[in-house]
Amino acid sequence: MYEVASTYVSKEHQEFLKSVKRKNIMVRVTQLAILVIFFGLWEIAARYKIIDPFLVSQPSRMLKTMLTLNQNGTLLMHIWVTLSETVVGFTLGTVAGMFIAILLWWSDFLSQVAEPYLVVLNSLPKIALGPIFIVWMGNGEAPIITMALAISLIVTIISLATGFKEVDEEKIKLLKTFGATKMQILTKCVLPASVPTIMSAIKINIGLSWVGVITGEFLVSKAGLGYLIVYGGQIFKLDMVMTSVLILSILSALMYVFIVYLEKKLIRWR
Amino acid sequence: MDNVMVSLKNVSFKYHTLEGETEALNDISFDVYEGEFVGVIGPSGCGKSTLLSIISGLLKPSRGSVEVNGKIGYMLQRDHLFEWRTIWQNAILGLEIQKKLTEESRSYVKDLLKKYGLWEFRNYYPNQLSGGMRQRAALIRTLALKPDILLLDEAFSALDYQTKLAISDEVYKILKNEQKTAVIVTHDISEAIAMCNRIVVLSKRPAYVKRIYEIILTSDDYSPIGRRKAPEFREYFNSIWKELDIHV
């Protein structure tokens, strides 16, 4: 019950393990097949003019665009601009959100005062603030990062503050019977108990930061993937648009995978 | 045996909520002597847990006085082991909070874990252990602070019947072995008779002391399971049952 101690594995169990493995392989193969078929059909349909490659682009042309952009050295620069903006916006949103959520947990008075403001700020579409940020901060990276921050901050505060309050009262009582201070209750119980909540907030934040950065780049930018998408759209170069979207989806997927890896490292006790 | 460890004198307690005030305890007085196991029993919601919170100092009585001679350890209804900490880290939690983690206290916890069969499991996480082992780990976490008096707040009520019998037996032996005094709050009449020297029966809310029973059982076996076989057990049970006066 406590340990899989025996090295002996029965035939039945071997069969079971094999069937699980087989199923996992099938899932992977199918996933890969869908990707290959999708791009294959796209390529073929465009090549035989079933669809208009001028409007929907085509994988081979996307590859060519990627190579040309790479040759003149701008591709990596655009990726770097968007990626750095996202990482900075995401980090700021998560850290500031966590800090404010801790303050709200600490002081019930503050929490009650802040509630209506959080509700209003949460339902406000943050994109509406874009022009204001641009007027205040100019057309550099600052308004874009602020956009990413604005979109992720309030959600982080609300989900973390709720998570902190849901920590088992009895666990806190246990610490109180040991004579724990409020700081000890926070660091020994509330924060570690909230690691799953924090991780899920982080996952949501990643997505929201991408949204914030790309919309920010739509509104004002001289570089970045969002800039490439808007620019490509304006000059009707759908190859450029599609290529940027593809790169964007790969980047966000990689970032998500990284967070999941981090989560596994952090929550070993599950 | 005559040292008074806990002395309650005319303790009353009121809860204040927006809906009004609720009188939970009304003029409660009794003493607990060294080495004694005192049971507190009463209908559900009568304020038994409040009484423990007052003894432990988590709540201040509205009136009356509480005198405690010795350190207090508290056992809650469930084990409340922190699932992100290993058994070892859980066992030293109280020491960590009170900043008493020394070479000496560590080796004391180590001895306790060894003595009660958890040393090999020190690096396991709570959800890898059985209910009984978890309960033992929780007890060691409390004992690590070397309390003189243990307060058990329905400590076994979350367990199924068989486990409960086995664990209360085990905890009883450990506490007797470590020569502790205990105040045991429960709603289980047989558990109280099996474990306690005296039983304080409380009334419905606002609770007052209805009667205090001296439990004297003629049994050769002093474990709670053995005590359940004593001929007087049934008489006590019936008498306390009547005293509790439960109508559904």
Failed item, numbered, when A:GLN71 is tested on (1) assigned by TED's automatic domain parsing to the domain that holds A:THR156; (2) exposed (fewer than 12 other Cβ atoms within 10 Å of the Cβ); (3) modelled with pLDDT of 90 or more: (3)
Subset of region A:1-14 that is surrounded by 10 or more Cβ atoms within 10 Å (Cβ to Cβ) and more than 14 Å from chain B (Cβ to nearest Cβ) - its residue that is modelled with the lowest pLDDT: A:VAL9
A:MET98 vs. criteria over 24 Å from A:VAL245 (Cβ atoms) and buried (at least 17 other Cβ atoms within 10 Å of the Cβ): yes
Qualifying residues in region A:169-225 (those that are of a type in the set (Phe, Trp, Tyr) and more than 10 Å from chain B (Cβ to nearest Cβ)) - the one farthest from B:HIS80 (Cα to Cα): A:PHE218
Count of region B:123-132 residues which are surrounded by fewer than 20 Cβ atoms within 10 Å (Cβ to Cβ) and within 9 Å of another protein chain (Cβ to nearest Cβ): 5
Close pairs (7 angstrom Cβ cut-off, 6 or more residues apart or separate chains): of a type in the set (Asp, Glu) in region A:99-128, loosely packed, with under 15 Cβ neighbours inside 10 Å anywhere: none
Residue count for region B:153-176, restricted to those that are more than 10 Å from chain A (Cβ to nearest Cβ), among the acidic types (Asp, Glu) and in contact (Cβ under 8 Å) with a residue 40 or more places away in the chain: 2
Given (1) touching a Lys or Arg at 6+ places or on another chain (Cβ under 9 Å); (2) among the small types (Gly, Ala, Ser); (3) under 30 Å from A:VAL195 (Cα atoms), index of the condition A:GLY89 fails: (1)
Hits in region A:101-117 (condition: among the polar types (S, T, N, Q) and part of a helix (DSSP H, G or I)): A:SER111, A:GLN112
Residue that is buried (at least 18 other Cβ atoms within 10 Å of the Cβ) and within 16 Å of B:HIS80 (Cα to Cα), where the choices are B:ARG198, B:ARG136: B:ARG136
B:ALA138 being within 14 Å of chain A (Cβ to nearest Cβ) and either more than 23 Å from A:GLU170 (Cβ to Cβ) or assigned to a helix (DSSP H, G or I) (or both): yes
Those residues of region A:38-55 which are within 27 Å of the chain's Cα centre (by Cα) and exposed (fewer than 15 other Cβ atoms within 10 Å of the Cβ), in sequence order: A:PHE38
Residue within region B:47-70 that is within 28 Å of B:PRO224 (Cβ to Cβ), among the charged types (D, E, K, R) and either crowded, with 16+ Cβ neighbours inside 10 Å or not assigned by TED's automatic domain parsing to the domain that holds B:ASN197 (or both) present: yes
Within region B:71-122, considering residues that are more than 13 Å from chain A (Cβ to nearest Cβ) and part of a loop (DSSP other than H, G, I, E, B), the one surrounded by the fewest Cβ atoms within 10 Å (Cβ to Cβ): B:THR102
Breaking point among (1) under 17 Å from the mean Cα position of the chain (by Cα); (2) more than 14 Å from chain A (Cβ to nearest Cβ), for B:LEU150: (2)
Some residue of region B:202-209 being among the polar types (S, T, N, Q) and out of contact with any Cys (no Cβ under 9 Å at 6 or more places or on another chain): no
Matching residues, region B:205-234, being modelled with pLDDT of 85 or more, among the charged types (D, E, K, R) and within 30 Å of B:ASN10 (Cα to Cα): B:LYS210, B:ARG211, B:GLU214
Complete set of residues in region A:206-265 that are aromatic (Phe, Trp, Tyr) and in a helix (DSSP H, G or I): A:TRP210, A:PHE218, A:TYR227, A:TYR231, A:TYR256, A:PHE258, A:TYR261
Selected residue (criterion: farthest from B:PHE13 (Cα to Cα)) from residues of region B:48-70 that are within 13 Å of chain A (Cβ to nearest Cβ) and in contact with a Leu (Cβ under 7 Å, 6 or more places away or on another chain): B:SER56
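The values are calculated or read from the model by the stated rules, or taken from the named source; none is laboratory data. Worth saying up front: this structure is predicted, and the values here are computed from it rather than measured. Using ideal geometry, Cβ is built from the backbone for each residue, glycine included, and neighbour counts are taken over all protein chains shown.
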